[in-house]
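Only one structure is covered here, and it is reproduced in the block below.
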Amino acid sequence: MTEKAAIAHPRLVRGAAVAIGALTTIVLVFTALRVMIDGPDILAGTVPGDDFAERYVAHPWLAYLHIAPGVVYLVGAPLQLSRRFRTRHYDAHRRLGRVLLTCALVAGLFALLFGVPHAWGGAPEAAATVVFGCWFLACLVLAFRAIRRDDVRHHRRWMIRAFAVGIGVGTIRIWVGVFEAVEQVMSGGTTPATPDTTLFGVAFWLAFTMHVAVGEWWLRRTPALTG
């Protein structure tokens, strides 16, 4: 590792921490909104007028067995990836790791069970869910296999890949917001009566592809941190 790269690492870590914090906040905000919107209809057994929300209310078990453990995983994973936490509290790291791995596997499985048949963005979203959902699960399984062999280096690298995909959920919301803003501008400042659901699927592909690429870039750029 060159001296220049060594100096750059603290800046990269700080930048990554800010980005992860921002994306996690986006996920938490949208999760809270989702619960507030869906909760009354789920409890009352009523059907919402919003087609987007209707999927969550009609299939609450599928939806929230994806959402709830997924949020737990995204909140806890940065702590697991912290070298300081891992070295100072190794036993806690191992115990928490078992919990978060279980949450991630459940969230990934139900992402497929809910996201494929009930994709709001149609075929593009369903296809992205299959591709990146399977990649997410594969990374988790490979990370588990590595740690069972005491291969800490590859365990950590596969977990970074998994987290890079998982946190992409926050970036999806950013892309959706960008597309909605563009639609408003193109429609003269008014919200279109029929939103373009295809763009929702496009947001999935853009966000997850970016995150897979950034994850691989991070692994190559910071070998001393990820090895």
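Miscellaneous remarks
- A single entry from 55, 11 fulfils the requirement of being over 21 Å from residue 158 (Cα atoms), part of a helix (DSSP H, G or I), modelled with pLDDT under 95 and open to solvent by 50 Å² or more (accessible area, probe 1.4 Å): 11.
- Residue match in region 75-89 (condition: under 25 Å from residue 210 (Cα atoms) and touching a Ser or Thr at 6+ places or on another chain (Cβ under 8 Å)): yes
- Any chance residue 21 is out of contact with any strand residue (DSSP E or B) (no Cβ under 8 Å at 6 or more places or on another chain) and modelled with pLDDT of 95 or more: yes
- Within this structure, residue 62 passes the test of being open to solvent by less than 60 Å² (accessible area, probe 1.4 Å) and within 27 Å of residue 199 (Cβ to Cβ).
The values are calculated or read from the model by the stated rules, or taken from the named source; none is laboratory data. In this text, all values refer to a predicted model and were calculated from it rather than measured experimentally. Please note: Cβ atoms are built from the backbone with ideal geometry, for glycine as well, and neighbour counts cover all protein chains shown. What goes into the accessible areas is simple: the full protein's heavy atoms, side chains included, and nothing from ligands, DNA or RNA. Shrake-Rupley method; radii C 1.70, N 1.55, O 1.52, S 1.80 Å.
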